[in-house]
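In what follows, a structure is listed as structure tokens, so that the remarks can point back to it.
Each reported figure results from applying straightforward, stated rules to the coordinates on display, with no laboratory input. Everything numeric here is computed off the predicted structure, so don't read it as measured data. Because the Cβ atoms are built from the backbone with ideal geometry, glycine has one as well, and the counts that use them run over all protein chains shown.
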Amino acid sequence: MLTAGRIMALDLGRKRIGLAISDELGITAQGLDTLIRTGRRDDIEALRKLAAARGVSTFLIGDPLHMSGEQSRQGEYTRDFARELERKTGIPVVFRDERWTSREAERTLRGSGIANDRRKPAIDRLSAVILLQSYLDAESRQ
């Protein structure tokens, strides 16, 4: 369920975190600069500061399930990170199935002409946008 304030989506990876944020009305998702990971404590602090500056009331994190729908090893890591993020920021975390977001982002960027060294952060950012927009669309239908 949507709450007052913006929603920030995270596409959590081991090296980078793709980021997107909703508009104030919860209608559209915009990509933010990809966060390069430096360590869990620093990453969470950077997210806390960004959330405070942007008026974020909810974090949306992609749930990395296997294609079968079973939990993955990355899913355990993601849930541990989410618990710590929620505890240290006081901002609730919501999960959404992300099985197709990276593939859709890669397909979208394939013909874009973006250099290889810049493509991975762009995929992370676009994955977060796709995740958030699908969540916003689903919530608006309810």
Original post:
Taking 0.36 nm per intervening residue step and subtracting the Cα-Cα distance, what contour gain separates GLU45 from ASP80 on full extension?
Top reply: 11.0 nm
Original post:
Between SER57 and ARG37, what is the spin-label point distance in nm, taking each point 7 Å from the Cα along the Cα→C-beta axis?
Top reply: 3.1
**OP:** Report the net charge of residues surrounding GLY31, where surrounding means a beta-carbon distance below 12 angstrom and charges are Lys +1, Arg +1, Asp -1, Glu -1.
**Re:** -2
Original post:
Long-range amide H contacts for ALA20: which residues qualify at under 5 Å (H placed 1.01 Å from N, peptide plane, sequence gap of 5 or more or a different chain)?
Top reply: ALA9, LEU32
**OP:** Please list the non-local residues whose amide H lies under 5 Å from the amide H of THR28, H modeled 1.01 Å from N, same-chain partners needing a gap of 5 or more.
**Re:** ASP23
